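J.: This is the structure I want to talk about, given as structure tokens.
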């Protein structure tokens, strides 16, 4: 049974490698100096996901992705369906990312824009268009929301996830799932049980917030619609606020490790959102893997 909040080191948790063996991090537009610092502490080939922005310039994305690739890490750019102005533009972007930064894997999302910039309203339409596999993409990440989505019902979320996984399979592409970040392992484990019971065996990268200030984490949680576990985190943070100015995902990693040891959750991995900075998240991952954090 999971303990709600354990403060001992990650190294004391049972089989924490089940969570931290396969790790990815996510950032917006990291600077070259930060990438250099990150590459010095992360394992070669660690995926770095690059969040999409409505005003993101292709040249800037390619520059950053290339910088990640040249430092021995693996860039995984987000592609937001509603931000794609045309199939040709998407094909050209993916071709440049492939040739300059070795990109074969992307994170495909619908996007937050109210109106589509081109032919795609939803991520599923991008998968079914054929442009991804034609551009050399062999794997896609698909978003999931264990605590629900503020604007989409649970039934629609569940059906949409299955449709995208099935469409990726028909297109001959591998697909993995990346969850919205949370602060509590309980909703994730409950959601994972239901997902596995429905027959989905794809890898699930479990979203967690990397080290950051408590106010920053609560701000991002409110913005992203992470309600239930954020309330519990806020109560917990209030009780330790006089001792800590920054929070880490140690408790959630511990609890997920306990759950993975107690039952078969399938193939899982840790995905850290770097709200407190990519370098800080990378150093925390390094220390957690070595069992040197508390």
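J.: Which residue is nearest to residue 92 (Cα to Cα), if the candidates are limited to the stretch 154-177 and must be in contact with a helix residue (DSSP H, G or I) (Cβ under 8 Å, 6 or more places away or on another chain) and assigned to a helix (DSSP H, G or I)?
T.: 168
J.: What pairs come up if the first residue lies in the stretch 258-269 and is on the phi > 0 side of the Ramachandran plot and at pLDDT below 90, the second is assigned to a helix (DSSP H, G or I) and crowded, with 18+ Cβ neighbours inside 10 Å, and their beta carbons are under 9 Å apart, counting only those six or more places apart or on different chains?
T.: Pairs found: none.
J.: Quick check on residue 140: is it assigned to a strand (DSSP E or B) and either more than 17 Å from the chain's Cα centre (by Cα) or within 28 Å of residue 268 (Cβ to Cβ) (or both)?
T.: yes
J.: A follow-up question, please. Restricting to the stretch 127-151, name every residue that is touching a helix residue (DSSP H, G or I) at 6+ places or on another chain (Cβ under 8 Å) and surrounded by fewer than 15 Cβ atoms within 10 Å (Cβ to Cβ).
T.: Listed by number, the residues that qualify are 134, 136.
J.: Among (1) more than 22 Å from residue 109 (Cβ to Cβ); (2) modelled with pLDDT under 85; (3) touching a strand residue (DSSP E or B) at 6+ places or on another chain (Cβ under 6 Å); (4) surrounded by 17 or more Cβ atoms within 10 Å (Cβ to Cβ), which single condition is residue 252 missing?
T.: (2)
J.: Identify, from the list 64, 68, 106, 48, the residue that is touching a residue at least 60 places away in the same chain (Cβ under 8 Å) and within 23 Å of residue 34 (Cα to Cα).
T.: So the residue among 64, 68, 106, 48 that is touching a residue at least 60 places away in the same chain (Cβ under 8 Å) and within 23 Å of residue 34 (Cα to Cα) is 48.
J.: Here's something else I'd like to know. Only one of 208, 173 is within 17 Å of residue 108 (Cα to Cα) and in contact with a strand residue (DSSP E or B) (Cβ under 9 Å, 6 or more places away or on another chain). Can you tell me which?
T.: 173
J.: Does residue 61 satisfy the criteria of being farther than 20 Å from residue 99 by Cα, within 20 Å of the chain's Cα centre (by Cα) and crowded, with 18+ Cβ neighbours inside 10 Å?
T.: The answer is no for residue 61.
J.: Here is a further query. Looking only at residues that are in a loop (DSSP other than H, G, I, E, B), under 19 Å from the mean Cα position of the chain (by Cα) and surrounded by 15 or more Cβ atoms within 10 Å (Cβ to Cβ) in the stretch 6-27, which one is modelled with the highest pLDDT?
T.: Of everything passing the filter in the stretch 6-27, 22 is modelled with the highest pLDDT.
J.: Restricting attention to the stretch 111-127, which residues are under 25 Å from residue 174 (Cβ atoms) and in contact (Cβ under 8 Å) with a residue 40 or more places away in the chain?
T.: If the condition is that a residue be under 25 Å from residue 174 (Cβ atoms) and in contact (Cβ under 8 Å) with a residue 40 or more places away in the chain, then 111, 121, 122, 123, 124, 125, 126, 127 are the ones that fit.
J.: If you take the residues in the stretch 270-284 that are modelled with pLDDT under 95 and touching a helix residue (DSSP H, G or I) at 6+ places or on another chain (Cβ under 8 Å), which one is farthest from residue 75 (Cα to Cα)?
T.: Filtering first and then ranking leaves 276.
J.: Among (1) under 24 Å from residue 275 (Cβ atoms); (2) touching a strand residue (DSSP E or B) at 6+ places or on another chain (Cβ under 8 Å); (3) in a helix (DSSP H, G or I), which single condition is residue 126 missing?
T.: Checking residue 126 against (1) under 24 Å from residue 275 (Cβ atoms); (2) touching a strand residue (DSSP E or B) at 6+ places or on another chain (Cβ under 8 Å); (3) in a helix (DSSP H, G or I), the one that fails is (1).
J.: Same structure, new question: Going residue by residue through the stretch 143-153, is there one that turns out to be under 22 Å from residue 198 (Cα atoms), within 20 Å of the chain's Cα centre (by Cα), at pLDDT 95 or above and not in a helix (DSSP H, G or I)?
T.: yes
J.: Tell me whether the stretch 195-210 contains one or more residues that are assigned to a loop (DSSP other than H, G, I, E, B) and either buried (at least 22 other Cβ atoms within 10 Å of the Cβ) or modelled with pLDDT under 85 (or both).
T.: Taking every residue of the stretch 195-210 in turn, at least one turns out to be assigned to a loop (DSSP other than H, G, I, E, B) and either buried (at least 22 other Cβ atoms within 10 Å of the Cβ) or modelled with pLDDT under 85 (or both).
The values are calculated or read from the model by the stated rules, or taken from the named source; none is laboratory data. A quick note: this is a predicted structure, and the numbers were derived from the prediction, not measured. Glycine gets a Cβ as well: all are built from the backbone with ideal geometry, and neighbour counts include every protein chain shown.
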